[in-house]
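Readers should treat all values here as calculations from the given coordinates under stated rules, not as data from a laboratory. Bear in mind the structure is a predicted one, so any value in this text is a computation, not a measurement. Every residue, glycine among them, receives a Cβ derived from its backbone with ideal geometry; neighbour counts consider all protein chains shown.
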Amino acid sequence: MALAKSEPVGSRRRQEELNDLEDFLWPFIEDDPEFREAIKKLENEGKTWDPRNPKMAGSWNAAYHRGRMRIMMKVMKKNDMLTTGTI
């Protein structure tokens, strides 16, 4: 997650890192209806995206990356994959 966040917003490198993270999380998300629904909702937002609208500021790529990161963080939290820094 940290590597994906370190890449420029909306960049191809960030997209590739998010794809790698999704591959890593696949055993946890392949049968997760909440994940599928969240991704479907995010992709539907892209159909109505207007970068000129102040409430939708920025490019769709950047918004899509933020949305995917938010969804994957929920999956990680749901499956107890996040730590507080101490193990």
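Taking the Cα centre of the stretch 2-78 as origin and charging only Cβ (+1 Lys, Arg; -1 Asp, Glu), how large is the dipole, in debye to the nearest 20?
480 debye
What FRET efficiency comes out for the pair Phe28/Asn53, r = Cβ-Cβ distance, R0 = 41 Å, nearest 0.05?
Using R0 = 41 Å, I get an efficiency of 0.75.
Could you compute how fast the chain diffuses translationally, taking Rh as the Kirkwood radius over C-alpha pairs and applying Stokes-Einstein at 10 °C with viscosity 1.306 mPa s? Give it in µm² per second.
The diffusion coefficient I find is 114 µm²/s.
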